[in-house]
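Working notes, structure below.
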2 protein chains.
Amino acid sequence: MKEIEGTIATPKGFFADGLHCGLKKEKVDLGWIVSEVPASAAAVFTTNQVQAAPILVTKEKMQAGTLQGVIVNAGNANACTGEQGLKDAQEMAELAAAQLHTSPEAFAVASTGIIGKSLPMEKITAGIQQLNRQGDAHRFQRAILTTDLTEKSSVIQSTIADKTVTVAGCAKGSGMIHPNMATMLAFVTTDAAIAPALLQALLKELTDVTFNQITVDGDTSTNDMVLVLANGLAKNPTIEAGTPAYHEFKGMLKAVLTALAKAVAKDGEGASKLIEAHTSGAVTDEAARMISKTIVGSPLVKTALFGKDPNWGRILCAVGYSGQPIDPATVSIALADIPVFVQGTPVAFDETIMQEQLAENEVKVVVELKEGAGVGTAWGCDLTYDYVKINALYHT
Amino acid sequence: MKEIEGTIATPKGFFADGLHCGLKKEKVDLGWIVSEVPASAAAVFTTNQVQAAPILVTKEKMQAGTLQGVIVNAGNANACTGEQGLKDAQEMAELAAAQLHTSPEAFAVASTGIIGKSLPMEKITAGIQQLNRQGDAHRFQRAILTTDLTEKSSVIQSTIADKTVTVAGCAKGSGMIHPNMATMLAFVTTDAAIAPALLQALLKELTDVTFNQITVDGDTSTNDMVLVLANGLAKNPTIEAGTPAYHEFKGMLKAVLTALAKAVAKDGEGASKLIEAHTSGAVTDEAARMISKTIVGSPLVKTALFGKDPNWGRILCAVGYSGQPIDPATVSIALADIPVFVQGTPVAFDETIMQEQLAENEVKVVVELKEGAGVGTAWGCDLTYDYVKINALYHT
C-alpha cells in the first residue's frame, strides 16, 4: 500500500471535471465525478435535523445501492429552500444524467455555500451542459471549495488478489466542521469490486475514527456528505468481509479518509496549525475519542496554541469536562512530545525548546490515563484572528 | 420587589472587604464576605472532574449547612496543585477565621486565576491579616475579577411577612464560561431566614435557568462556584416551601441570579454585545433551554452577530444540531424583533433597519417551534478579535 500522485479520477474508469458557472465571482464552482459503469455506492450524511435539499435527494438515490456519479456546486448550499430546492436538486441530477445519456437516478447531488437562497438554475443549467468527459479532475477538486485555502486530495494504491487497486479521495472543509458526520463534503472513488452493503458498513466504521474526529468550530452543517463510489474495474474478486483483501482495502480506505480529515482540520477557517490529540488508557476507545475531541474543540486550548502558550492547565481542564471517567491524579500530558504533567503533577520543561516546537505547523497533544485500554485520536486547528474575520465578514 | 443601589454587604449583618496582596500586579486580588452570625449556606460547584483545591475544601465545609463567610483570591486558581493545594486552601480558611476569632469550619474558600501554580502563601497570609470589618464591599467585588471589565452586582429588596428582606449578589466571569455550573464565581448574601436544605433546593432549581444557561466559550472551569449565605437577620419567620414568602423570596433570588448571569455573559472575554436567545414551542422547557444555549454557543452565530450579519441560516443550523426534536418546516425565527424566517420559509426584511438593530449592544434571537409548550432562554456574547487576543496572549 503506497501513496501516489493523482486525483479523484485516477482509479480506473472515472473522470471528473469542473468549471465556473457564476455562483462564485471568479472561481470554479460546479463539477462532476462520473464512473464509466455503475458503481457500488456508500454515503454518510449530516446529523443536523435541518438537511439541505441535495442531502434529501441523494438519500433517496442511495437506496438502489449503486450510482454512476455526483454533480456538485459550491457558492450556494440549496438549504432552507423548501419545495423549490428539492426540485432544483433533482433537476441538477437530471441535467447531469442527460448530458451523459444515463438515468437521473444514477446521479447524487451535493451543494455547499450560502444558506437560504434558491439556486440560480439558468447558470447551473448552462454550466452542466459544458461539463464533459475530457475534463480536468483538479478543476473538480477546486470547484467544491468555499473558504478553503488548499485543494485536498489523497490517492492510495495497492495490490489485491494480484490486481492493482486504487482508492482516491478529495474533500472541502473549512468552517462548520464538527461531529457526527462529516461536516463537510468528501468524495472517494475506487476501482475495487465490493458490494454496496459491505462498502457502507466500512464507510460508517471508518468515518467514526476519521471525519467524525475532526472539529474546527463545533458547528454541524446542513449539507455534509461523504460519498464513496466503487466501480469494480480493477477486476479483483469481489471483496468479502474478514478476508485479507478486505483488510487491505479497509487500510487503503482508512488512509484516504484520514488524510482528507486531517487536511480539512489543518485548513480550518483562519487556522495557522493542525492540532492532533491522542488519548490512551481511557475506559473505551469511544471515551478516548471523546476526550481527544474535547481537547481539540476547546476554544481556550485553540487560542493558547495559536499564541504558542504551553498551557497544559487548559488541556487538563478539557479532559476534566469531556464527560468521560478520568482521575486527575493519574493523568499525564505531553505537548509537542515534551512531558508537562506526569501522573497528576506539573513537571518542569525547557521553555525555549517548547516555544520552538509550538511554532511548528503541526502540534501534538498526548494524554495518558490509567482507566483502561481505550485509545483515540482527534484533529483540529487553532483559533485565530482570521477565523473571526472570515466569519464576521461573510455576509448573507 | 425592587432593585436598589448597594453591594454584597447591603443585607443586614454582612460586611465585605478587598485589598491587593500581590497575586496580581496592581489590582485588588484578595477579599472576604462575612456574616456577623452563622448563616444558612447553599452552593453549586463546577461539574468538571478536575476540581481545584478550594472547591474540594469548600464542599467539605458545606456539610454542616451553615457558614459564616468566604475568603476569595484572584490571580491564582490553586488548581492542579496536589496535596499542597489542599493544605493551602484549608490554611486560607484558618487564617480568615483566626482574624475574626471564629471556627475555620465556618469559612468557605474560592480561588480564580492561573492553573497549576502553588499559592504564594506568604503574600496571602499577610493579606488576610489586613482584611477587616470596616472594609469596602466594592473592593471585594473588584477583587474577584480576572479579565472581567466590569464589577457585576445586583441588589433586590422586598417585604416578606412585614420585614424588609434584601438579596444581594456579585460575580466574576469572563472566559471558561459554559454549562453546568456556574462556570464562574458568584456570591449571594441575604438577611432572609431560610433553612439550608430549602435554600440549596432553590439555588439548584434557579441555577439551571440562570447560570447554567450562559456560555462564553464552551469551556467549563475547574474552579466554579455559586455560594449563597442567608443569615436570618431580617427577622422574617423562617421561609417554608410553597408559602407566599417562599414565592417572593424565590423571585428575588431569581432576579439576582439572572442579573448576574446576564452580566457575566455580556462581559465575556472580548465581547462587544450580549446575545439573548429565547425559544418557545419546544417539546419541554429543557429542550427549549438547550436549543437557546446551542444558538448562543455557536461560533458561527457569534461571529455573524459580531459582524452585524443577519445570518438566520446559521441560527437555523444551530437549532438543527441542538439535539432536540424540531421540524424545519414549522420553525420561525426573529432577529432583533424582526421576523426573518417564518414557518420554514425565509421572509424579506428591511436591511437598513436590521443593520441599525444589530449595532445595539444587546441582540435578541427568538425561535418559535410547534413541538410543544416548552420555553427557555440562554445568554451569550459575540466572538471577536479580542477574545482570540486575550486568550492567545494570556501566557502560563
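Using +1 on the beta carbon of Lys and Arg, -1 on that of Asp and Glu, and nothing else charged, what's the dipole of the protein assembly as shown about the Cα centre, debye to 20?
80
With N residues in segment B:2-267, what two-decimal value do you get for its Cα radius of gyration over 2.2 N^0.38 Å?
0.91
5 Å is the cut-off here: which amide hydrogens, built 1.01 Å from N in the peptide plane, fall below it relative to B:Ile326, excluding neighbours closer than 5 in sequence?
For B:Ile326, whose amide H was placed from the backbone, there are no distant partners under 5 Å.
Is segment A:34-135 best put as rounded, prolate or oblate by its Cα gyration tensor, with a ≥ b ≥ c the root eigenvalues, rounded for a/c under 1.5, and otherwise prolate when a/b is larger than b/c, oblate when not?
In terms of gyration-tensor shape, oblate.
For segment A:137-151, take each phi angle, set θ = phi - 60°, evaluate the Karplus expression 6.51 cos²θ - 1.76 cosθ + 1.60, and give the result in whole Hz per residue in order, putting x for glycine and proline.
Values, residue by residue: 5, 4, 5, 4, 4, 8, 5, 8, 7, 10, 8, 4, 9, 10, 5 Hz.
Calculate how steeply helix B:53-62 sits against the longest principal axis of the alpha-carbon atoms of chain B, using the helix alpha-carbon long axis, and give the answer as 0 to 90 degrees to the nearest 10.
Between helix and principal axis, roughly 80 degrees.
Once you charge only the Cβ atoms, +1 for Lys and Arg and -1 for Asp and Glu, what is the size of the charge dipole of chain B about its Cα centre, to the nearest 20 debye?
Computed charge dipole of chain B: roughly 520 debye.
Helix B:244-266 versus the longest principal axis of chain B: what is the Cα-based angle in degrees, 0 to 90, to the nearest 10?
70
Probe 1.4 Å, all protein chains in place: accessible area of B:Arg314 in Å², nearest 10?
My reading of the accessible area for B:Arg314 is about 20 Å².
With a 1.4 Å probe and every protein chain kept in, tell me what percent of the accessible surface of segment A:212-299 is carbon plus sulfur.
54
Give the long-range amide H neighbours of B:Val342: residues separated by 5 or more places, or on another chain, with amide H under 5 Å away, using H modelled in the peptide plane at 1.01 Å from N.
Those qualifying (amide H under 5 Å, at least 5 residues apart or on another chain) are B:Ile333, B:Val347.
Please turn the phi angles of segment A:306-318 into ³J(HN,Hα) values with the Karplus equation 6.51 cos²θ - 1.76 cosθ + 1.60 (θ = phi - 60°), one per residue in order, whole Hz, x for glycine and proline.
4, x, 6, 9, x, 7, 5, x, 5, 5, 4, 4, 5
Pick out which of A:Gly18, A:Gly320, A:Gly344 has the largest mean-square fluctuation in a Gaussian network model of chain A, springs linking Cα atoms closer than 10 Å.
Comparing A:Gly18, A:Gly320, A:Gly344 in the GNM, the peak value goes to A:Gly344.
Return the residues of segment A:90-139 for which accessible area with all protein chains present is lower than in the chain on its own by 40 Å² or more; set the probe to 1.4 Å and exclude ligands, DNA and RNA.
With the partner chains in place, segment A:90-139 has these residues losing at least 40 Å²: A:Ile115.
Compare the Cα positions of B:Pro346, B:Leu274, B:Ala287 along the charge dipole of segment B:274-393 (+1 at Cβ of Lys, Arg; -1 at Cβ of Asp, Glu; about the Cα centre) and return the one farthest towards the positive end.
B:Ala287
Do any of B:Lys172/B:Lys262; B:Lys172/B:Lys308; A:Lys172/A:Lys262; A:Lys27/A:Lys123 go past 21 Å between their Cα atoms, and which?
Going by Cα-Cα distance, B:Lys172/B:Lys308 fall outside the 21 Å limit.
Roughly how many Å² is the accessible area per residue of chain A, as a whole number, for a 1.4 Å probe?
35
Size of the dipole of segment A:114-171 about the Cα centre, Lys and Arg at +1 and Asp and Glu at -1 on the beta carbon, nothing else charged, in debye to 20?
So the magnitude is around 120 debye.
Convert each backbone phi in segment B:32-46 into a coupling constant with the Karplus relation 6.51 cos²θ - 1.76 cosθ + 1.60 (shift: θ = phi - 60°), then list the ³J(HN,Hα) values in order as whole Hz, x for Gly and Pro.
9, 10, 9, 9, 4, 10, x, 10, 4, 10, 9, 8, 10, 10, 3
Calculate how steeply helix A:82-100 sits against the longest principal axis of the alpha-carbon atoms of chain A, using the helix alpha-carbon long axis, and give the answer as 0 to 90 degrees to the nearest 10.
That helix lies at roughly 60 degrees to the long axis.
Could you pull the Rg and Dmax for the protein assembly as shown, using just the Cα atoms, both in Å?
According to the Cα coordinates of the protein assembly as shown, Rg and Dmax are 28.6, 93 Å.
Compute for chains A and B the buried accessible surface, both sides summed, probe 1.4 Å, and express it in Å² to the nearest 100.
Roughly 4100 Å².
Give the shape of segment B:274-393 as rounded, prolate or oblate, defined through the alpha-carbon gyration tensor: a ≥ b ≥ c are the square roots of its eigenvalues, a/c under 1.5 means rounded, and otherwise the shape is prolate if a/b is larger than b/c and oblate if not.
Verdict is oblate for segment B:274-393.
Just counting partner chain Cβ atoms within 10 Å, what average do the residues of peptide B:79-86 show around their Cβ?
Per residue, the average neighbour count from other chains is 3.
If amide H atoms are built 1.01 Å from N in the plane of the peptide, which residues on other chains or at least 5 residues away come under 5 Å of the amide H of B:Leu30?
When sequence neighbours closer than 5 places are left aside, the close amide H contacts are B:Leu19, B:Cys21, B:Ala74.
Of A:Ala42, A:Ala195, A:Ala53, which has the largest mean-square fluctuation in a 10 Å C-alpha GNM of chain A?
With Cα springs under 10 Å in chain A, the top fluctuation among A:Ala42, A:Ala195, A:Ala53 is at A:Ala195.
Largest first, how would A:Lys117, A:Lys266 line up by accessible area (1.4 Å probe)?
Putting A:Lys117, A:Lys266 in descending order of accessible area: A:Lys117, A:Lys266.
The values are calculated or read from the model by the stated rules, or taken from the named source; none is laboratory data. These figures come from a predicted structure and were not determined experimentally. Note that each Cβ is placed from the backbone with ideal geometry, even for glycine, and that neighbours are counted across all protein chains shown. Calculation scope for accessible area: heavy atoms of the full protein, side chains included, ligands and nucleic acids excluded. Shrake-Rupley method; radii C 1.70, N 1.55, O 1.52, S 1.80 Å.
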